[in-house]
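For reference, the structure discussed in these notes is given below.
No lab work stands behind these numbers, since they all come straight from the coordinates. Keep in mind that what you see is a predicted model, and the values were worked out from it rather than measured. Cβ sites come from the backbone with ideal geometry, for glycine too, and all protein chains shown count toward neighbours.
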Protein chains: 2
Amino acid sequence: MALQPSPAPGIAKVIDALRPILGDRITTAAAVREQHASQLTWLLSQLPDAVAFAESTAEVAAIVKACAAENVPMIAFGTGTAFEGHVNAPAGGLSIDVSRMNRILAVNTEDMDCVVQPGVTRQTLNSYLRDTGLFFPVDPGADASLGGMTATRASGTNAVRYGTMKDNVVALTAVLPNGDVVRTARRARKSSAGYDLTRLMVGSEGTLGIITELVLKLSPVPEAVAGGICPFPTVRAACDAVIATIQSAIPVARIELLDEVTAAAVRSHSGLALMDSPLLLLEFHGSPQSVAEQSQRFGEIAETFGGGPFEWSDKAEQRAKLWQARHDAYWACLALRPGARPIPTDVCVPIARLADCVEQTKAEIAELGLIAPVVGHVGDGNFHVQPMVDMSNPDEIATVKRFIERMVERAIAMDGTCTGEHGVGQEKRRYLELEHGPETLALMRTIKRAIDPHNLMNPGKLVDNSL
Amino acid sequence: MALQPSPAPGIAKVIDALRPILGDRITTAAAVREQHASQLTWLLSQLPDAVAFAESTAEVAAIVKACAAENVPMIAFGTGTAFEGHVNAPAGGLSIDVSRMNRILAVNTEDMDCVVQPGVTRQTLNSYLRDTGLFFPVDPGADASLGGMTATRASGTNAVRYGTMKDNVVALTAVLPNGDVVRTARRARKSSAGYDLTRLMVGSEGTLGIITELVLKLSPVPEAVAGGICPFPTVRAACDAVIATIQSAIPVARIELLDEVTAAAVRSHSGLALMDSPLLLLEFHGSPQSVAEQSQRFGEIAETFGGGPFEWSDKAEQRAKLWQARHDAYWACLALRPGARPIPTDVCVPIARLADCVEQTKAEIAELGLIAPVVGHVGDGNFHVQPMVDMSNPDEIATVKRFIERMVERAIAMDGTCTGEHGVGQEKRRYLELEHGPETLALMRTIKRAIDPHNLMNPGKLVDNSL
């Protein structure tokens, strides 16, 4: 469903100004505008007035200046795979699509970094890197653009070992609301030379600047990889095994929880022989000896907590099947309630509270009679719930909204956050004051106002409640 | 040598206002004021007008509000071990000493984090953690306060494996220039809920807020540790071995370069049997099998580059001696030129340029006839030069100043930074525009102005050239 905001008053002038530069790369075609609004959840699509396809930093700067001159909102667009309404245009304006800025500009193998444009997707980058012995580890599931992953501080299954986007962006170039082009840092691995503008831009959701180039840290492809599945009697037992594993300094690369609901869905979808109990999916990176040793030690820990058997393998084919199944969990879960709409949401808590948080959330799911599979990047204390909602039933929608609200409040009460990796967008703005307190939220707004005084970059998102 | 700035006009009123709260914990005693100015290098000491010893966040907030009311500058003080003039008071004002805020408030072993006050030093924290199986890895050499390490984005020998302060601070509490107390984030390991205020404060050198509490990430004490020394024929050969080691995904915990000058000084000072050639000092963390495997593989790589023999050990005593010697390098080098003052400085470049940068810098040292040992955290591309300066010789001082200037320009030309870990303070302000460009520096100043509009927090540091 779409909601058409009133057009931004100056949009016609902006289009006229940009036409000589962009030609038919600026358009008001309805189908293109629809495709540039949020479409993935229960949020209403809010269409931009026009879409511009930029092909260079200079073009983005020209577009930004044209919009700024007419006070027209600007919304950066990569692949449109964010869940929380990040690309919606509640005040109309211009969607700046950077997906055609998709060149890999340099791979510096000795420095283990690369320079890319923001429209390059993570799978494209990793295919390109195939023969270098290096890879880019951040993996949020979707084949998202690296610019979008940066803007939303994405993470995913590898984060327990390799960190999130905040740890893997060395520097970036962005166009500020005033049209200035800034590069946040040099290509050195570390620096103490000034405010950390890189991290300020990572996770800023297009509200402070539009990212036009990235220097990304790469990691060496491990010599050997092993992985497998381990069933547990309860979610709590699985979480306790995770804590013990990490405390034992086993450098686990991935450690993912599937609750019994997700496990059943994934089994049907993938044909893998999985048990109908909570599962941990694991991966270990290292030398052949080391991954064998890590796998064996994890198996022993799992047993201590009543889990197992831990079936693991260092064969690429088996592992690929396993992780494909994990990545397909979103799709597999669609079959749990055909016709319903999945509404993915996530929270993150200190890991010692993870079992409590997941258990209480699952108890409420049962109590409310919802169908809502749970998966978790449990090494980070991050988990996702994906209620399957009958969108024709307003009562059910209201129930699920209250359920998500309570889940967020529970996570925050446990010193956790309203979102571990999906971002704030439109939907989670309402929780920021509860999470951060009024003074901290005021500081965020001070920064936003200082950099974007006319609130032109992605208005109505993150700290802006005016729309 | 000391330079007495004119007292800040409102200081008497601030002292009167704070006396009822602080009693004799606010003082104008000359000896205390001297001890609270920069004293470590060739920078003139610039004394604060008074020093306040705070014991709680509430007291810091009261102090900040009193200073703000009278437009009196505030300079946060931890242990005073920064090299670039960070604690100097060029406009007078109040030094806010948080060293008595030295309590460890919580250690959450399952979450692998702790909550500390900013005056706790890293050695105190690690002693306290001794029985927990956890440790705090960031190690800049000096037993600095954790608040100061956060404010200067410190790193050190372990950073190649465990990261810098930016990677090991989960959240922090700070008092802003307006007196607001903000907590930057929750205790969850990751979050996408808003601007990354934690990283904005890390490295802000007391110019945006005064840190009053920290949540720090802890790491499991490795089951086994091995380490040793490896000689190389040239600095370049050592650097090439470092690159190959890291590309091979050997998770080296420490990899430190000592040039032949430093090696000789350390040998005299420590009594260790070292060769008079460039050396790499290494440490590996993991299981007993894994550290043995890592050591052996490194030895093979070293040999490929003409290095070796690599003598390593997993005996704690031998390793302790080795790292003590590395940490004492600063002192050992004093003996190279008795009576001279060491002027430590650092830069950081992409690792592929490290050998070039070190070689060119050493060639210039030779050409100028300076005594200037070189050590490097080479896994990060970061190295330090410590010219030994005869402070009675103005020509020599001028020569060394030009030498440092050229070293910084060289690093920046190689896409590096004017400082990898020492920070900007007063001395490196002059390089920020060259490093970042005017637009990026303007963005930093926009942020500073927005948060500290009256320029009261650590004026004359980082992006402020007005003093």
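Values as computed for the structure displayed
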read-out: Extent along principal axes [Cα atoms of the protein assembly as shown; Å; largest to smallest]; value: 84, 61, 60
read-out: Coil-residue chymotrypsin sites (Phe, Trp or Tyr not before Pro) of segment A:50-94, DSSP, other Cβ within 10 Å capped at 14; value: none
read-out: Phi-based couplings in Hz for segment B:325-334 (Karplus 6.51, -1.76, 1.60; Gly and Pro marked x); value: 4, 5, 5, 7, 4, 4, 6, 4, 6, 4
read-out: Beta bridges per DSSP with both ends in the protein assembly as shown, % antiparallel, nearest 5; value: 80 percent
read-out: Rounded to whole Hz, the Karplus (6.51, -1.76, 1.60) HN-Hα couplings of segment A:112-129, x for glycine and proline; value: 6, 9, 8, 10, 9, 7, x, x, 5, 8, 5, 6, 4, 4, 5, 5, 4, 7
read-out: Net charge contributed by nearby residues that have their C-beta within less than 11 Å of A:LYS428 (K/R +1, D/E -1); value: -3
read-out: Cα long-axis angle, helix A:354-368 against chain A (0 to 90 degrees, to the nearest 10); value: 80 degrees
read-out: Radius ratio Rg over Rh of segment B:340-422, counting only Cα atoms, Kirkwood formula for Rh; value: 0.96
read-out: Cα-projected label distance for A:GLU359 with B:LEU105, points at 7 Å along beta-carbon direction, nm; value: 2.8 nm
read-out: Degrees, to the nearest 10: B:260-270 long Cα axis against longest axis of chain B; value: 80 degrees
read-out: Whole-Hz ³J(HN,Hα) from phi, Karplus 6.51 cos²θ - 1.76 cosθ + 1.60, for segment B:438-447, glycine and proline x; value: x, 5, 5, 5, 4, 5, 4, 5, 4, 5
read-out: Charge dipole of chain B about the Cα centre (unit charges at C-beta), most positive-ward option of B:VAL408, B:GLY23, B:LEU354; value: B:GLY23
read-out: Per-selection Rg to Rh, segment A:204-311 - Cα, Kirkwood hydrodynamic radius; value: 1.10
read-out: Whichever lysines have a C-alpha closer than 25 Å to that of B:LYS321, once near sequence neighbours (fewer than 8 apart) are set aside; value: none
read-out: B:LEU434-A:MET391 FRET efficiency (beta carbon distance; Förster radius 56 Å; 0.05 resolution); value: 0.50
read-out: Greater than 30 Å apart at Cα, pairs in A:LYS13/A:LYS448; A:LYS217/B:LYS448; A:LYS315/A:LYS428; A:LYS13/A:LYS401; value: A:LYS315/A:LYS428; A:LYS13/A:LYS401
read-out: Span from the segment A:386-404 Cα centroid across to the segment B:253-306 one, whole angstrom; value: 61 Å
read-out: In segment B:290-322, the trypsin sites (Lys or Arg not before Pro) that fall in loop regions by DSSP, at most 12 other Cβ within 10 Å; value: B:LYS315
read-out: Alpha-carbon centroid distance for the pair segment A:149-195 / segment A:326-344, whole angstrom; value: 32 Å
read-out: Signed unit charges on C-beta, dipole axis of chain A, positive-most listed residue A:TYR431, A:MET165, A:MET391; value: A:MET165
read-out: Environment charge at B:ILE11 (Cβ cut-off 11 Å; Lys +1, Arg +1, Asp -1, Glu -1); value: -2
read-out: Simple label model, 7 Å out from Cα along Cβ direction - B:ARG449 to A:TRP331, nm; value: 5.2 nm
read-out: Other-chain or far-sequence residues with amide H under 5 Å of A:GLY286's (modelled H); value: A:GLU223, A:ALA224
read-out: From the C-alpha gyration tensor of chain A, square roots of 5λ in Å; value: 37, 27, 20
read-out: Helix-only CD estimate at 222 nm, as mean residue ellipticity for chain B, using -39500 (n - 2.57) per DSSP H run (n ≥ 4); value: -10500 deg cm²/dmol
read-out: Length-normalised contact order of chain B in % [C-alpha pairs under 8 Å, at least 6 apart]; value: 15 percent
read-out: Value of D in µm² per second that Stokes-Einstein yields for segment A:242-373, Kirkwood Rh from Cα pairs, at 37 °C (0.692 mPa s); value: 202 µm²/s
read-out: Cα point-scatterer Debye curve for segment A:380-443, base-10 log of I(q)/I(0) at q = 0.16, 0.20, 0.30 Å⁻¹; value: -0.60, -0.87, -1.39
read-out: Environment charge at B:PRO309 (Cβ cut-off 14 Å; Lys +1, Arg +1, Asp -1, Glu -1); value: -3
read-out: Cα-only Debye scattering, segment A:2-100: base-10 log of I(q)/I(0) at q = 0.22 Å⁻¹; value: -1.08
read-out: Rg(Cα)/(2.2 N^0.38 Å) for segment A:104-219, N = residue count; value: 0.98
read-out: Label 7 Å beyond Cα on the Cβ vector: A:ASP328 copy-to-copy distances, nm; value: 6.3
read-out: Ranked A:MET201, A:MET414, criterion: other C-beta atoms within 10 Å, fewest first; value: A:MET414, A:MET201
read-out: Electrostatic dipole magnitude of the protein assembly as shown [Cβ: Lys, Arg +1; Asp, Glu -1; Cα centre; debye, to 20]; value: 1200 debye
read-out: Debye intensity ratio I(q)/I(0), log10, segment B:178-253, q values 0.14, 0.28 Å⁻¹ (C-alpha model); value: -0.78, -1.43
read-out: Nearest-20 debye value, segment A:104-219 charge dipole, Cβ charges on Lys, Arg, Asp, Glu; value: 260 debye
read-out: Electrostatic dipole magnitude of chain A [Cβ: Lys, Arg +1; Asp, Glu -1; Cα centre; debye, to 20]; value: 940 debye
read-out: Sparsely packed trypsin sites (Lys or Arg not before Pro) within segment B:334-406, loop by DSSP, other Cβ within 10 Å at most 13; value: none
read-out: Unit charges at the beta carbon, dipole of chain A: most positive-side option, A:SER290, A:ALA329, A:GLN35; value: A:GLN35
read-out: Whichever aspartates and glutamates have a C-alpha closer than 12 Å to that of A:LYS362, once near sequence neighbours (fewer than 8 apart) are set aside; value: A:ASP259, A:GLU260
